[in-house]
Every structure is written in C-alpha cells, then in structure tokens.
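To start, the structure under review is shown below, and the notes come after it.
The values are calculated or read from the model by the stated rules, or taken from the named source; none is laboratory data. This is a predicted model, so every value here is computed, not measured. Cβ atoms come from the backbone with ideal geometry, glycine included; neighbour counts cover every protein chain shown. Keep in mind that these areas ignore ligands, DNA and RNA; they rest on the heavy atoms of the full protein, side chains included. Shrake-Rupley method; radii C 1.70, N 1.55, O 1.52, S 1.80 Å.
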Amino acid sequence: MRYISSLGIVFLSLLFMNASLAQEDPMRFSGLVVNKANEPLIGATVNWINTTIGGVTNLDGWFDISRIDSLEPHLLEISYVGYETVQVEILPHEERLKLVIEDNKTLADIVVEAKERSSFTSTLDPINLETIGGGELRRAACCNLSESFENNATVNINFSDAVTGAKDIEMLGLRGTYTQMLIENRPTFNRLGRAYGLEYIPGTFIEKIQISKGASSVQNGVQGITGQINTELIKPYEAPLLFINLFGDYTGRVELNAQFNYRMSKDWSTGLLVHGDYYQTEIDYNEDSFLDIPKKQQINVISRWIYKPELFHFEINFQGIVDNRDGGQTQGSFQKAFNAPATRLYEVNSEIRRIGAFGKLGYLGFDNPNQSIAIVYDANIHQHTSYFGDKEYSGLQKRLYAKFVFLTNLGNNGMHNLSTGFSYDLIDFKEQFENINNDRTEHLAAIYAEYDFVKKFNEEKGTQFGLILGLRSDLIHTQQFTKIYPSPRLNLKYNFTNDMVVRASLGRGLRTTNLLIENLKFMPSYKEFSIQETILPEVAWNYGVNFAWNIKITPKLEGSFNVDLYRTDFENQLVVDMDSDPTYNSIQFYNLKGKSFANSLLISYTQDIVKGLEARIAYKFNDVRMTYGSVLEQMPLVPRHRGLIHLNYSTPKKNWEFNITLNVIGSQRLPQLQILTGEDLPEYRFKEYSPAYVRLNAHISKFFEGGWEIYLGAENLTNYVQEQPILGYQDPFGTSTTNTYSNFDATSVFAPVFGTQIYLGVKYTFKGKERFAPVASCTSIPSVLEEEESKEIDWVLEDHLQRVAIKTSSQCGSCETIMRKAFSAVDGVQQVNLDIETQILTLIYVPSEIEVSSIRKVISEAGYDADELKANPAVHNNLPGCCQQDGGHREGKINYTLKTAVIQSSNQCNLCSIRIGDTLYALNGVQSVHADKNKHTVTVQFLQEKTNLQKIKRAMTKVGYTADDLKANKAAYNKLEGCSKKSE
C-alpha cells in the first residue's frame, strides 16, 4: 500500500468525443414536452440556441427537429406562453427525451427523463440496447452499481461467497467476467478491479447505464462476449451545484454520497464526486463464528475537469479509492458461537488502493460536420492485498490505455457512416497467491473499422433496415504466447414501425483471463489452486435475436414487450473445475477440452396500468453447460429459471413514489466439493440442486419542496437466507485430529447469507444559481411587436413580415447552402430555411419589397423547382451531382405535396394570431400560418401527406375559433380574453 500512497502521477490531458449509435437517424432529435402533472404542452416552441433550427410540439406534446450535428452536445431552448424560457443540453446519443417543465410561472428548470421511461429498450438502434435512467437508479437501495440492477431482468446479481461480501453479475447466463465494463465508453474495472469493481461505481455518480446485449460494437473492444455495460457519469456542466445523499441501515451501515459541481465559465466546468462507506458492526446471526457481513471502510473520490469550446472537447478526471474490509472470525463472534475464547482466528481481510486518471480529447473543426477525431485514455495503479486465514493474495496492476477514433460519413445522404481507429493497452501485473506466481506483462494492440448503414423505406411509418458491420483484429503478446485474433461482428435490424423492431446479431468475442482475481471467491476454502497448463485467451461466438415492441394503448398508457434469445459457443474457455479431483483437495484450472455453451431466453413486458402506476414482469431461462474433464454438465451455481415482478407508483403530484420488486430464483446445481460428513448439515447439502427461493424488496420516497427527499426501504423482506453457507466452520484451519466435520469451504453460495435489511436515507439537491438568464414570462396579453415575445414564440413575425413555404426539388444539405447564397443578394428576404426531408423551403420576407412569384423565380434560377415553376435546366445541370434530381437521394422517400388554404375565421386580435398559430403549428405537416385580424382569415400551408384541411379546421374550433362552416367549441370560446371575442 505504501507504493501507491507515495506515488505521484502526471498526465497529458486527452479527451474523447462520444459518438453513440443509439439513434436511427443521427441528424434528427425528438422529444416530449410536458408539465409537472405529466400533461403534454401543445404548441411549445423548441429550437437550438443561436440557430434557426426548431419546431413546435404537436397535439400530443411531441416534436421532431433536425440536429445541428451528430457529434457534439447542443443547447435546446424551450418556450411556452405563460412560462419562462429554459435551456437544456442535449447529448449526441440522446433520443426521444421527456422534457418536464415545472408547472409554475417562475420556471427555473426542467427535468429530463430518457424516453419517458426510466428504463427502456431502444427500438431504433441496430444494437439491442437497454438504458437504465435516473428514475430507475433512484429506486435502488443505495449506493453502488451492483444495487442498480435489483429491478432489472437483463442483468442479475449473484452472491459471490459467504465471507468477503463481494457480488457478481450474470448476463445471458454467464458470470460478469464475460461482460465488458465501461465508464463513458472506456474499459475499466475488468482486471484486478474486477473483484469489487461493482462497488467502485457508486449509484450517485451515475447519470445512466447502457446495457448492450450480445455481440455489440467493436469500437470499445470485444472483451464483452455476452455484452457491454457502459456507465455514464454525472456531467458537471448540467448537474446541480450540490447533491448530498446520507444512507443508513439498522445494522449500522452508513454511507455518505456528495456531488459538488460548478460551471466556471461558458466552456469550463468541474465536479467533485465523493463516496464514503462505513460499517463496523459485528453480526453473526447464524452463529457459525464468521461475520455475516464484513466490516468495511471505503472512500472513493472522482475529480472531473471538462473544457468544451466550440471545436474541441477536453476532459480529464482523477480518481482515488481506499477500501479496507475485515471479515471472517473475530474474538466476539468466536466467543458467541463456541462459548470459549479463540486461540487462532480465521480472518478474511482486504486492503485495496487505486489511483488513476482518465479522460478524452477530440477535435470537431473539420469542414465536414460529420467528421471528428478523438482519443480516449486511462492510466491507473491498482493494488490489492487479501488474507484468507493463512493464505495471502497480493496483486499490483499498472495500466496505460489509449484509443484513437476517426468518425466520418460516407456520401451525402446520411445513409452510410464509418468509424475506425486503433487502441493499445499495456498492463503490468505482479500477482501471487500461496505458491502461485502469476507475474506478467500484457501488450494488447488492436485496430478496427465499423460501418453502419440505414435504409428508410417509409419515413412516415418508420419502416427501415439498418446494419452495423465491424471487424477488429487484436494482437495479444505475453511472455507465454503471441497471437492475432480477428473478431467480426454484425448487427442487423428491421423496423416494421418506429415502435416495432426485430434484430439479429452475430459476433466473435475475445478476452484474456485473470485467473487469480476472477476466482477470489474460491480462496476461502481448504482446497488448493491447481493450474494444469498455460491458460490461453477465452474465445467465443455469440449470436442472438431480439424483438421489441413499444405499445401505446392510449396517449398516456404505454407498454413495451421484449423477447431476447441468445446463444454463446466457446472455442476456448477457462475451466474452473471444483468437483473433478477424485481426492477433493484441489480446484483445477485448465483450458476447455470439449463443448461449452450458454443459451439464454428472456421475455419481459412493461405496462402503464393507470396514470402513475407501472408494472414490469419478466421470465428468464438459462441453459449453461461446460465440459468438466470429459463430461458435459450444467455449470454450477447458475439458476436455470428466474422471474421478476416490479411495480412502481408515483402519486399525481409526484411527491410520493412507491416501488416493490419480487425476484424468483430457481434451483442451481451445487458443486460436489467433498465427501460430506457431520450430522448437523442441512438437507440441501446432500442434493444435487439447491432449493428455489424468493426475494422481495420495497422502497418508498417522499419528495419535498426545496430539493429534499426522504426514502425508506427494505431488502429481502422474505427473510430467506442460505442455511449454513460455510462448511466446516468449526475447524477452518483443518488442524483438529478429532474433527468429524466437513472440510472448510465458504464458496458454495446460492442465496443471501443475511436476512431482511431495513434502511433509511435523506437526499438534498441544491441547484444553485441558473446558468442561463431566462426570458421574461408572459404575464399579460402579449404584443407581437415586443422583442421579448418574438424570442419566446419564434414563429411570430412583426407586422411588416410574412412567411411562405415553397416546394422545391432540393436533394441534400448542400442545396440549402446554394439557395441561401442565391437569396443573399435579394432585397426583401430576411430568412431562408430548408427541410431536406420534405423539400420545403421556408422564407421570411417583406411583402412590400418582393413578391412570392419573384421568390420562386430566384429559386428556379438557382437550379431548383419552385412549386409549379421548373428549374432553369442549364443551371440545374451544372449543380453538384448530389444536388441534381437524378442523384438518387429521394429513392424510397415520400414526395410531399404542399397545399394552401384560406380559412374564414373569428380571429380578432394579435392574441388570436398567437393562439391559432400555437395550435396549428402543433399539427404535424403545417408549414406556415398567417392570421389576418382585419379580414378575419387564416391562411395555412400544409403537407397533405401529414395532415388535412378538416383536421386543421377542427383544431381551430377546439381553441375557440370558427373555421369556415365549423363552429367554435363553446367552452373554449368562453375562456378567451375579451379582446379575442366578437363584439356583440
């Protein structure tokens, strides 16, 4: 430990720009705007800051707008009449966000929840990606990554052993070593940190968790044979100034979690994440002289520094961990169990120290906005010492990791993209356990390329095909061997609609083993480790299919149905053979000599029952087998059947939240550790399979004004514990000459070793001063001439301006540049915007200076059709190939038709114009609205493929206005201001 405590590390600061594939179209962003009561806000204006790109929400509160680019976070401004304007940062990989505007007139913040649900499976990504958001994490007990999966059906938590308190995960039927752990797309805690790595990512540090199932992307490595779990940390530039979470349970466990975040300038932000864990109570409820829960003291600190100017992204983070654990026998527990003082104690102690720095560096200033280069880096030193009675394990890891990434599009139609790069991982190990010396140096170099493609067949319905094809080649060099391993991976998807998808994946995975630390759970045993040959890297193929369907029963009651079916076939695997030694004196380690596979089926369904009540039910079947010696057997301690039922209820005012989770764990094959002796052994010890059992967890949260929250919960309410989990506890050193008990072993654990645990906690959030000054709210009848109002409602124009929409023959993004240039020298045109999808060019112009017919002529002379006016053929033929009508960009896309209608109405004033505009712009397909209060008419331009005149008229009547022969809704008319009503 002195080695690390005296070490100082100096780093060059680097950064990586995260390019997520979690979107079907990286250049589109959609979201839902609601108030605090979860009611959709119709006609709310959304736009990217300092741009003209934006839109309004429709009758269901949804909007869909173009992105500025697919590489960098950008600020989205949301404004709504009667509320103050707010801003929120949208990350490149985020999609279909729920934006909750606080329901009051002095609005200062918005809440963001991923895709309406706090846990969801994307239907838009070729990769089977499940996201656990902040709402789901809030329901967890506290306070680390392992406890974040309690309500999840994909990732299951297993108990490691009976003395260390460590937990492991299971995914697709295989233990957590086959799942690659990432923090912000950087491999971490996969080597010496694996033993307690799940506890080194506190839940309060986490923004969200992304679970990629099966053969996912090759960008971050192929060590994830069953998938990847990526943890996104809290971002200091969008997190509250101060957050504190104080947790305690009735046994005496106390945890303190704190965040301090500060935005020093527009581009610089910093954050300090602190976690402290203290537990010193000695509990031995089953009176076997061994502590049921080891005593622990842990401090975990991350310091974050982020610099984000326009064209660069720089980030450096420093982390330090001090972790001390004391378990096994104590004088007090021994005295209680045997009513006599101990002359020798079997102690299980661990000391862990870790220090490191990690970060990202990226450049975004290329002429092509879809191109970027980036570097990710990580350097750390991890030291671990453990004692198991007389046995000692010691490990020291020094690691340096770097990855270079280049991202670009291929062509101009947005269908083809490429990511390529290389990585280098240098790890020096010093490891010993008893007489085993596992010192080594590993050089892992890799190069990869990944291509993704999306072909849309019906944009309106969402029918499309997508694929991600990747190839990675890894060179592994150690003292024992040098070899190159190619790893191809393919992910396919077909969307029947935006909400229904079927996916398939196929890929090869590769990982180097960490024999000692990954099998730390087997060290508290009388058995010796026997390594029978040089252990080669583990190699496996994973293939699977997924069906996901997001079901909308009503606009407010949604559900999702998912089916996952995966198989993993191993070419080589580290076999940990606990029961083949005929003398029962050793655990044998060797390379696979036969078949090994894992079949996993998961069926899950989530449904809103009533407003605020969500139910989730899931069933998982695992068939995991491995060849031990020459016999193919079920892998021990893996449940074949699992079930989950989860209910969550939030009160209408969101001030109470209740959730309950029932986990059903099926029987597991028990390893044949030894010839059992002793009359006091429980019945299950003499059976091949363990009994099934049920665990019940519950959690209640109460939210108060001012950022306070109090929560109360309980784990294992069924109070199920494994009877006598430790064999031979009476003589753990095996020194008694009259011993009639079984040999000591604490490794065969299939269930909790501790009963019901009740906990209580309090959270406090102080958001601090607003980062951006809000626009003044509308507190009286608005004037369309006021500058403040024109900012808040960006479609409203001054009296001397008008908006017109014109259907063009545009093909790509370059067309907008050409047309903007054509209008740059034209008097009377103030703004030009092109929607590539619909080919609609929208202009703001001065009618007294230029007529619409002249505008059309400018477009024609630039080489494009303008409504019925055809393009100048000579100019069109000289356009770039991507801008010409036969360039192929419109193949399979809808040819939209622009219609214009003049509706006689009862509009009287400027406020009527705003209200009618809010309503009609909320309709999908409406391009322009001009309300004339003098003629009492409303001129609307719309796309007939997206809406129709009757729907437009009905929308006007619903807010209190006549529309030709349709009468106004009487209740809505009565609510209008006096100036908006006809004079009697």
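Here are a few things to note about the model shown:
- With 0.36 nm allotted per residue and the present C-alpha distance subtracted, the F422-Q944 stretch has 183.0 nm of extension available.
- Computed with every protein chain present, the accessible area of R191 is close to 30 Å² [probe 1.4 Å].
- Positive minus negative residues near N435 (Lys, Arg vs Asp, Glu; Cβ under 13 Å): -4
- Per-residue accessible area (protein heavy atoms, 1.4 Å probe) orders K982, K455, K493 as K982, K455, K493, starting from the largest.
- Separation of region 835-871 from region 525-599 is 61 Å, based on Cα centroids.
- Point-to-point label distance, K967-H443, nm (Cα→Cβ direction, 7 Å offset): 8.7
- Net lengthening on full extension, R820/S30 (0.36 nm per residue, minus Cα-Cα): 281.8 nm
- Average accessible area per residue (Å²) across region 195-238 - probe 1.4 Å, nucleic acids and ligands excluded: 12
- If you look at the Cα atoms of region 857-984, you get an Rg and a Dmax of 19.3, 62 Å.
- Taking a Cβ cut-off of under 13 Å around K360, the surrounding Lys, Arg, Asp and Glu residues balance to a net charge of 0, with basic ones at +1 and acidic ones at -1.
- Area of T900 that stays accessible when all protein chains are in place (1.4 Å probe, Å², to 10): 90
- The chain - percent relative contact order, Cα under 8 Å, separation 6 or more: 9
- Protein accessible area in the chain, 1.4 Å probe - carbon and sulfur %: 56
- F312/L75 FRET efficiency (R0 25 Å; Cβ-Cβ; nearest 0.05): 0.90
- Three-way shape call for region 206-265 based on the alpha-carbon gyration tensor, with the a/c threshold at 1.5: oblate
- Extended-chain gain in nm, criterion 0.36 nm per residue less alpha-carbon gap, E688 and D932: 79.5 nm
- For region 648-695 and region 345-404, distance of Cα centres in Å: 34
- Cα gyration tensor shape of region 467-527, rounded if a/c is under 1.5, else prolate or oblate by comparing a/b with b/c: oblate
- The mean accessible area for residues of region 467-531, using a 1.4 Å probe and ignoring ligands and nucleic acids, is 36 Å² per residue.
- Sites I531 and K654, calculated FRET efficiency, Cβ-Cβ separation with R0 60 Å, nearest 0.05: 0.60
- Model label sites at Y494 and S630, defined 7 Å from Cα along the beta-carbon direction, differ in position by 4.6 nm.
- The calculated FRET efficiency for F338 paired with Q672, based on their beta-carbon distance and R0 = 25 Å, is about 0.30.
- Label-zone membership for region 809-851, site A874, 7 angstrom Cα→C-beta point, backbone N under 19 Å: 822
- With a cut-off of 13 Å on the backbone N, the residues of region 473-507 near the modelled label site 7 Å out from I894 along Cα-Cβ are 498.
- Computed over protein heavy atoms with a 1.4 Å probe, the accessible surface of region 608-688 works out to 48 Å² per residue.
- Local electrostatic count, E150, Cβ distance below 14 Å [Lys/Arg +1, Asp/Glu -1]: +2
- Solvent-accessible surface (1.4 Å probe) assigned to W305 amounts to roughly 90 Å².
- Order of exposure, largest accessible area first, which applies to F597, F247 with probe 1.4 Å: F597, F247
- Using the rule -39500 (n - 2.57) for each DSSP H run of four or more residues, divided by the residues of the chain, the 222 nm mean residue ellipticity is -2000 deg cm²/dmol.
- Label separation (V902 vs T52): 2.6 nm, computed from points 7 Å beyond Cα along the C-beta direction.
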